[in-house]
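Participant: Here you go, one structure.
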Amino acid sequence: LGDLGGKGHYDDAASEFEWATELQPEWPYGWYGLGLAEYGVGDSQISIVAGLKTMLGKDALTRSAMAFARSARVDPAFVHGLVELGATALRQRVNIKLDVALEALRRAAETSAGQHPEVLLTRGRVEREVGDLDSARVALAAYLASGVNPALGRLELARTLFLLGSFAGTDLYYEGAVLDEPTAVAEYRADLATIAHDSTLRAFDEASGKARAAMLQRFWRTRDLVGLRREGERLREHYRRIYYARRHFALVSTNRHYGIEEVYRSGSKDFDDRGVIYIRHGEPTDRASYAAPGVEPNESWRYARADGDLVFHFIAREDVQDYKLVESLFDVLGFSAAVTLQSQGGAGSSNQLAFDLLNSRERISPVYLRLQSAGRISGGRYHAEERSLGRASIDRGIKTDSYELVFPRPLKAKTQVLAVGAEGDLGLVQVTFAIPGSAMDPVPTSRGSLYPVRLRFSLMDAAGTVVGALDTTRLFVSRSPVPAHEHLVGRAELPVPPGAHRVRVALQQGEDAGIVLPTEPIAVGNVKGTTFAMSDLVLGLRASNVLWHPTPTDTVFFNPLRTFSPRDELELYYEVYGLAAGLAYTTEIEVKRKGGGGGILGPFRRLFGGGGAALRIEFEGQSTGRALPTQRTFDLQKLKPGSYELSVTVEAADGRKARRTQEFQVVQ
């Protein structure tokens, strides 16, 4: 073994090593370990030994691990042997010998090698991999205290603290990123690359020191705000996902083969496609699989999302441990079978296998239930819908990442988001909510029934940058519980810059009831500029008790339910921006009944006489050069129950025009 450094000795050495390991298992391993310890074989020669073992069997790393294990048993204080044993075990993809490595490292703790920095680092990594996180934390804290590599020490300890569910790793994570240590920088980048776009990785590569840490802080903080989570949650969750994926979705072989139906190529050498999706989106809401003779291993995952569910299908065709993404559930049956079934429509009444496959996915999406009973014509449409859902999910799933809020109990609530008002040069976004008494759990107190309500929302611009966010908890106290048919209402506002934004809202009542609303667009006007624009329309109700004072003497009423009775008066409020002083303008307010019929009615008949499909009220005015607020009150007494749309159109004398609409309902 001492002659392995020369290429000319490979064949002879291989023969000798084969004999040593298989025919004489006891003495050769002991001698091997003593030889390493006595002669100090260098790292390069150890690598040659490991490479040589590749020629001796399919499980080369297992042989290496056992060899290093025997070495450690002979001399527990042999540092290189311990480090290589741990590193080899961590690299293994099959027959992983982590328990062997852990035993040797724990035994070495009683020797001088136990406190060697490299041994501490290796032990911390192995302890973490086997799930003993507290022991990993102790070992890695000792490694950090040694001062050998402060950047890597901080990152490794942060990873472990995140897995323990602690936010204490957050500062360590960013502190390590400040230090320009190449090994640690590579580790940071590898972790980031599992979800980051190429542009983000380029920004990471171009930054250094404090700029790199600041870039990472922006990256993770944006994800916290978009996900409506507290600061640090997304970063902590990222490392939990990587750890889980490494334990459940690691690739055994990097030699991957693809069929015609496997359209996605991840390029990952560490995880199959389940791991890629898991790291990006976390634990699926639901999973399903189907096993039968002739059917390859398969899984379907559903992620319940406020903006539309994500549905992923995976199949392991050649390697039972390498699941790949496919667009359609029918691809599980093979490309030709999928094409045939789509041309036939439905599930194929003569194809029991396809029918059973669909039956296994009923809870994944309603389309699978429809496909089971569909005829030829409708079946073709549902086939296209099902494949389109899979294709869109893959496209969205591999380009984005998420950490969706999940509440144990759904909350029945209504919300409304409106851009109206100003604070300095910024526009105001108003969020109102109404929660029925039947959906709430009061907390009894000496003052009455207490209702804690947490409101979270964030706004993103077209580039995905968060331009505003709010997380507030309000405590409402009522002398008696809110009746089931009445509502608890509230309002919050946030100043944001002008522009076309997207807003996300989550509402939570008590400990476990909540709702995440779909992302919706919102246009915030330039309240101080020359751009002609209108605010959103506020259709309010005095009895709702949701008030806003744009000035000390003005009151605006909201109605988050957007429903009115014929006895109510509708309070309209809006603002106009960007008209120069002295410029004339004309306003047209129109109400139409949605869905046709009936037209508009009631108060406008009295104003203009007669009916028609649409009636209008018009008036003229002259700009003062400031934001123009307008308030109008409408009597709804003669409106019949139904859905309506109110629109306001403002046209300036110079030809510019702005229009906004808002829907409401009239109910008995």
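Participant: Hand me the trypsin sites (Lys or Arg not before Pro) from the stretch 438-476 located in a DSSP loop with no more than 11 other Cβ atoms within 10 Å, in residue order please.
Facilitator: Hits after loop and neighbour filter: Arg447.
Participant: Let me ask another. Express the C-alpha Rg of the stretch 233-392 as a ratio against the empirical globular expectation 2.2 N^0.38 Å, rounded to two decimals.
Facilitator: The reported ratio for this selection is 1.05.
Participant: Let me ask something else about it. Rounded to the nearest 0.05, what FRET efficiency is calculated for Asp134 and Lys269 with R0 set to 22 Å and r the Cβ-Cβ distance?
Facilitator: 0.10
Participant: Moving to a separate point now. Beta carbons within 10 angstrom, averaged per residue: use that to sort the peptides 216-224, 533-541, highest first.
Facilitator: In descending order of packing, they fall as 533-541, 216-224.
Participant: Taking the Cα-to-Cβ direction at Glu231 and at Asp395 and moving 7 Å from each Cα, how far apart do the two end points lie in nm?
Facilitator: For the pair Glu231/Asp395, the computed spacing is 3.7 nm.
Participant: Moving on. Write down the accessible area per residue of the stretch 172-233 in Å², having rolled a 1.4 Å probe over the full set of protein chains.
Facilitator: 49 Å²
Participant: Could you give log10 I(q)/I(0) at q = 0.14 Å⁻¹ for the stretch 167-206, computed by the Debye formula over C-alpha point scatterers of equal weight, without solvent?
Facilitator: Those come out to -0.32, one per q.
Participant: Determine the equivalent ellipsoid of the stretch 474-561 by diagonalising the alpha-carbon gyration tensor, then write out the semi-axes as square roots of 5 times the eigenvalues, largest first, rounded to whole Å.
Facilitator: 29, 19, 11
Participant: Then there's this: First compute the accessible area of the stretch 166-318 with a 1.4 Å probe, then give the percent of it belonging to carbon and sulfur atoms.
Facilitator: Accessible surface attributable to carbon and sulfur in the stretch 166-318 totals 48 percent.
Participant: Follow-up. Taking R0 as 45 Å, what's the FRET efficiency between Arg502 and Val148 from their Cβ-Cβ distance, rounded to 0.05?
Facilitator: 0.45
Participant: Among the GluC sites (Glu not before Pro) within the stretch 97-191, which fall in a DSSP loop and have no more than 15 other Cβ atoms within 10 Å of their own Cβ?
Facilitator: Glu110
Participant: If each residue of separation counts as 0.36 nm, what is the full-extension length gain between Thr445 and Glu520 once their alpha-carbon separation is subtracted?
Facilitator: 23.2 nm
Participant: Here is the link list: Lys414/Lys594; Lys414/Lys592; Lys97/Lys324; Lys414/Lys528; Lys210/Lys269. Which ones come out longer than 25 Å on Cα distance?
Facilitator: Lys97/Lys324; Lys414/Lys528; Lys210/Lys269
Participant: Grab the Cα-Cα distance for Thr633 and Arg479, subtract it from 0.36 nm times how many residues apart they are, and report the gain in nm with one decimal.
Facilitator: Result: 52.2 nm gained on full extension.
Participant: Accessible area per residue of the stretch 77-164 at 1.4 Å probe, in Å²?
Facilitator: 39 Å²
The values are calculated or read from the model by the stated rules, or taken from the named source; none is laboratory data. These numbers were taken from a predicted model, which means no experiment stands behind them. Cβ: placed from backbone, ideal geometry, glycine included. Neighbour counts: every protein chain shown. For the accessible areas, the whole protein counts, side chains as well, though only heavy atoms, and no ligand, DNA or RNA atoms are used. Shrake-Rupley method; radii C 1.70, N 1.55, O 1.52, S 1.80 Å.
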